[in-house]
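The values are calculated or read from the model by the stated rules, or taken from the named source; none is laboratory data. Predicted model only: the values in this text are computed from it and were never measured. Cβ placement follows ideal geometry from the backbone for every residue including glycine, while neighbour counts extend to all protein chains displayed. Protein only, heavy atoms only, side chains kept; ligands, DNA and RNA dropped before computing areas. Shrake-Rupley method; radii C 1.70, N 1.55, O 1.52, S 1.80 Å.
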Amino acid sequence: MSDAPAYASTYTEDDYYSLPENIRAELINGQIYYMSAPSRMHQEILGFIFKKIAYYIDEKRGDCKVYPAPFAVKLFEDNSKTVVEPDISVICDLDKLTDRGCTGAPDWIIEIVSPANSSHDYVYKLNLYMNAGVKEYWIVNPIDQSVYVYVLEKEKFKAKPYTFRDKIKPGIYDDMWIDFTELKL
């Protein structure tokens, strides 16, 4: 994702949904940010985590739904100027699901960092997701093989660092673990 907005004007979700289907972009605070195609490593990690979560939900017959990108998330119901596409979104309040994606904060969001978009994930989206009330936010960095887990406590994120040598327990589930040593890159 480019750090520079696509245009100098202010855009809304109507503009976002009017983009051609083959264009990957996000709308953040009225600015459109175009995204490049993800790398193979990015997709390997996304597939690994997505399968772990989907398998867990299926095995437990859980009520939550998991969606990989591209999947539109309008974080704030009353704000038409922000629509993001997290790499992975887990939504447990199914009333938030719409034909277009999700309206409201997902319970758990995972972003896999690309060199071109690291400031977006570590700064902009961190604060955006915290302010929206996302319960848990993971930033997975393939370059330094780190995972930062942010858990919302009293309207602030509390951070804990991990590596690809760790087994990580998502806070939204009592008995789920993702063992990153199983990730074969």
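What to note about this one:
- Solvent accessible area, Å² - residue 40, 1.4 Å probe, full protein context: 150
- Segment residue 98-residue 155, extension gain: residue separation times 0.36 nm, minus the distance between their alpha carbons: 17.9 nm
- Rounded if a/c under 1.5, otherwise prolate or oblate - segment 1-86, Cα gyration tensor axes: oblate
- Stretching the chain fully between residue 29 and residue 179 yields a gain of 50.5 nm (0.36 nm per residue, less the alpha carbon separation).
- Surface analysis of segment 77-149 yields an accessible area of 39 Å² per residue, using protein heavy atoms and a 1.4 Å probe.
- Over segment 48-96, volume per residue of the alpha carbon convex hull, in Å³: 61
- Distance from segment 147-185 to segment 58-75 (C-alpha centre basis), Å: 17
- Cysteines without a disulfide-compatible partner [the chain; Cβ-Cβ under 4.7 Å]: 102
- By accessible area with a 1.4 Å probe, ligands and nucleic acids excluded, highest first: order of 21, 155, 13, 44: 21, 155, 44, 13
- Within segment 77-142, percent of DSSP bridges classed antiparallel, to nearest 5: 50
- With contacts taken as Cα pairs under 8 Å at a separation of at least 6 residues, the chain carries a relative contact order of 16 percent.
- The apolar share of the surface of the chain, taken as the fraction of accessible area on carbon and sulfur atoms (1.4 Å probe, ligands and nucleic acids excluded), comes to 48 percent.
- Rg and Dmax, both from the Cα atoms of the chain and both in Å, are 15.7, 47.
- Rounded D (µm²/s) - segment 133-185, Kirkwood Rh over Cα pairs, Stokes-Einstein at 37 °C, 0.692 mPa s: 280
- Beta bridges per DSSP with both ends in segment 63-185, % antiparallel, nearest 5: 75
- By the helix-only formula, in which each DSSP H run with n ≥ 4 contributes -39500 (n - 2.57) and the sum is divided by residues, the chain has a 222 nm mean residue ellipticity of -6000 deg cm²/dmol.
- Seen against the Cα atoms of the chain and their longest principal axis, helix 40-60 is set at about 70 degrees.
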